[in-house]
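Read the figures in this text as sums done on the coordinates, not as results from a lab. These figures come from a predicted structure and were not determined experimentally. Cβ: placed from backbone, ideal geometry, glycine included. Neighbour counts: every protein chain shown.
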Ligand code: F6P
């Protein structure tokens, strides 16, 4: 996100526009928590995780009154357009703000879950993937040394992109996603097949939003049948949301942040900038949260073949 903030600020200044940063997301707009941004305010942040502007979940912004207060602050500060970085919730909020108060809005896709329609990849996804993969590789060493069965839970409340790609990259024996229905009895059958192939280690990657209830719940359901494999659970959690961004994420953020400002200058509003087949494209903001981006089911098939 910092790389995107930097790109927005520097592109705007390059084009003689003024930029105000909002601290703490929508809650910050409601409270008028603005900060002047110049080119130095975004120096030395491209390599930092998190966001210098801070983030927050705002219940108040979900109310008409909250959005009215936000619009008042934006108008008082002569804000012509709002650039929102976030996921589907952020963009729903931006769409409503635009509808109710006519403020020009543009979205930049930022979520580690990668579950946004209108872009092949979201900001943070590649970094999260690599962080999770690094952990999975390390877990594999223990799994291998002790010949254990590991259930590794990765983030993804509603989407299995992280699980699918870390599963493939980490050579997982099984991948469980919210997009696929997995009955516990079928998981047991598959696991037995995997284990009877005399593997030295077995690793199941489970998305947190999988309908089995995540790795801990699944372990509970499996424990009687698989006791002999010294099953262990590892929940990777919020480490996936931090750390220095990968080169790919920094380039993506730089491209999309800059493209957002360019699109606004060209008169676009109520759209999200995304990367589709390597090109920057605009998608109506509403589509980004009302439509669903599908995982590539052929990758799931690939994972099965390769395991
Ligand atoms: O929405 C992105 C996400 O990373 C989900 O995958 C995860 O469930 C959630 O955020 C965690 O959010 P919080 O930090 O608010 O618990």
Extension gain, residue 134 back to residue 169 (0.36 nm per residue minus Cα-Cα distance, nm): 11.6 nm
Spatial separation of Cα centroids for region 91-166 and region 219-233, in angstrom: 27
Cα long-axis angle, helix 64-76 against the chain (0 to 90 degrees, to the nearest 10): 50
Helix 214-226 axis, angle to the chain major axis (alpha carbon atoms, nearest 10°): 0
Relative frequency of Cα-Cα separations exceeding 18 Å in region 123-177, percent: 27
Convex hull of Cα atoms in region 71-174, direction-averaged projection (nm²): 8.1
Relative packing of peptides 186-195, 250-259 - highest average C-beta neighbours within 10 Å first: 250-259, 186-195
The chain: angle of helix 2-14 to the longest principal axis, Cα-based, in degrees nearest 10: 20
Nitroxide proxy distance, nm - points 7 Å out along Cα→Cβ at residue 60 and residue 292: 3.5
Relative contact order of region 1-125, pairs being alpha-carbon contacts under 8 Å that are 6 or more residues apart, as %: 21
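Region 136-239: Rg/Rh from Cα coordinates, Kirkwood Rh? Numbers along the way, then the final one.
Values: Rg = 12.3 Å, Rh = 13.3 Å.
Ratio of gyration radius to Kirkwood radius: 0.92.
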Relative contact order (%) - criterion: Cα under 8 Å, at least six apart; region: region 125-242: 39
Estimated 222 nm signal from helices in the chain, with DSSP H stretches of n ≥ 4 weighted -39500 (n - 2.57), rounded to 500: -14000 deg cm²/dmol
Cα gyration tensor of region 153-201 - equivalent ellipsoid semi-axes, whole Å, descending: 21, 15, 6
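Hey, any idea what Rg/Rh is for region 1-77, computing Rh the Kirkwood way over Cα pairs? The partial results should precede the final answer.
Working: Rg = 13.3 Å, Rh = 13.2 Å.
Here Rg/Rh amounts to 1.01.
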Range of Cα positions in region 9-54 per principal axis (Å), largest first: 28, 26, 12
Alpha-carbon gyration tensor eigenvalues x 5, square-rooted, for the chain, Å: 41, 19, 17
